[in-house]
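Inspection log for the structure reproduced underneath, given as structure tokens.
Readers should treat all values here as calculations from the given coordinates under stated rules, not as data from a laboratory. Because the structure is predicted, anything quoted here is derived from the model rather than measured. With ideal geometry, Cβ positions are generated from the backbone for all residues, glycine too; neighbour counts draw on all protein chains shown.
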Amino acid sequence: MESIFGLSLNDLTEQLSLLGLRPFVAKQIYDWLYKKRIFAFESMTNIKKEIVPLLNEHFDTTLLHMKRKQESPLTNKYLFELADGSLIEAVLMRHDYGISVCVSSQVGCNMGCSFCESGRLKKIRDLKASEMVREILMIEEDIKRRISSVVIMGIGEPFDNYDEVMKFMKIINEPLGLAIGARHITVSTSGIIPKIRAYADEPMQTNLAISLHAPNNEIRNKIMKVNKAYPIEELITSIKEYIEKTNRRVTIEYLLLDGVNDTKECAIELAQLLRGMNVYVNLIPYNETSHLEYKKSSKKSIDDFFDTLKKRGINVTIRKEFGGNIDAACGQLRANEVER
Ligand code: SAH
Ligand code: SF4
């Protein structure tokens, strides 16, 4: 049986028409699921009793199982169990401007970045759009509030699961559904160039973030295997093309690893690489994990790196540290659970 949460309003309308049902029924169902938060067809009072068995036969409306939750003042971290027993994480962050959620796109990750817990545990499978949609629903049900923005930066490489991720973005953007504005949805990639090109042609005005983490091939090859297939100069070219085509500013994520990519020379080289591009750089303090050797850059190195970029006219911010105390970085909660 198919999960109803993997269907866009158009898809649902089409499927219902195959069952002999009219388009307005799809809108009614969407309204119950995403606005009123009633998930059982039986309880959808304007749906005719006679068609309830038919709906139950075709569409699964179960949510996910919340296996664990860690709460701190600024973040909640969730561990969800999927129907097949796989574990994924999602993180909620409270900002001044609203609530954002970071969702996972795969169970594990095959990109193998040397600093990352998700990569250390390898990909088991891709997530379905319906599972990603339910990450959001589960969190909204838990906090009884609406989420204002979504980043696809949890476990997994979203562009290695491109079609389902695009479907997910479309579903959560649907005005009659969750209605999360396209400008409040961001997908982050380690740099799969053909998919960056495809993404530039998508009709939705959603955002792109690139995990760059190094200013040259020498360093990037050491920490991100993906760079061997898609080297940095080609990556930068594809980002320039994306900006040209979409007119949208791109976020460059730069994780600061002590002694690896955080020197003044690196900052100067990065500023040169990004000169004239409509990007802003988000410097990410590394969240140390018990399994990996890397250390977080010192406060002084982070501030110096920031100043060097700033002086050279690069838009730059230092990411607020949200999850340090609750294992909130990419894949850490799951990693602890899987190995227990
Ligand atoms: N696979 C995609 C999206 C998920 S990773 C990507 O790589 O962009 C999301 C971000 O978390 C990436 O920028 C990644 O480099 C970063 N990250 C991974 N491990 C981290 C850690 N321990 N501390 C801080 N950031 C981390
Ligand atoms: Fe995968 Fe992103 Fe982690 Fe790299 S940083 S291993 S691409 S999840």
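Here are a few things to note about the model shown:
- For 101, 260, order by how many other beta-carbon atoms lie within 10 Å, fewest first: 260, 101
- Between the helical axis of 9-18 and the longest alpha-carbon principal axis of the chain there is an angle of about 30 degrees.
- Take the Cα of residue 304, step 7 Å toward its Cβ, do the same at residue 245, and the gap between the two points is 4.0 nm.
- Each Lys and Arg adds +1 at its Cβ and each Asp and Glu adds -1 at its Cβ; summed about the Cα centre, the chain shows a dipole of about 720 debye.
- The stretch between residue 45 and residue 269 holds 74.4 nm of extra length on full extension. This uses 0.36 nm per residue minus the Cα-Cα distance.
- As a rough footprinting exposure proxy, the listed residues 126, 163, 96, 303 were ranked by other beta carbons within 10 Å of their own, and the order from fewest upward is 96, 163, 303, 126.
- Distance between modelled label sites at residue 222 and residue 94, nm, 7 Å Cα→Cβ extension: 4.1 nm
- Applying 1/(1 + (r/R0)^6) with r as the Cβ-Cβ distance of residue 35 and residue 320 and R0 = 35 angstrom yields a FRET efficiency of 0.65.
- For the chain, the longest principal axis of the Cα atoms and the long axis of helix 264-274 meet at an angle of about 60 degrees.
- Each of 279, 150 was scored by other Cβ atoms within 10 Å of its Cβ. Arranged with the fewest first, they read 279, 150.
- The chain: angle of helix 299-311 to the longest principal axis, Cα-based, in degrees nearest 10: 90 degrees
- Averaged over residues, the count of other Cβ atoms within 10 Å places the peptides 131-143, 240-252, 223-235 in the sequence 131-143, 223-235, 240-252, highest first.
- Our note on the geometry: Cα centres of region 38-108 and region 188-205, 26 Å apart.
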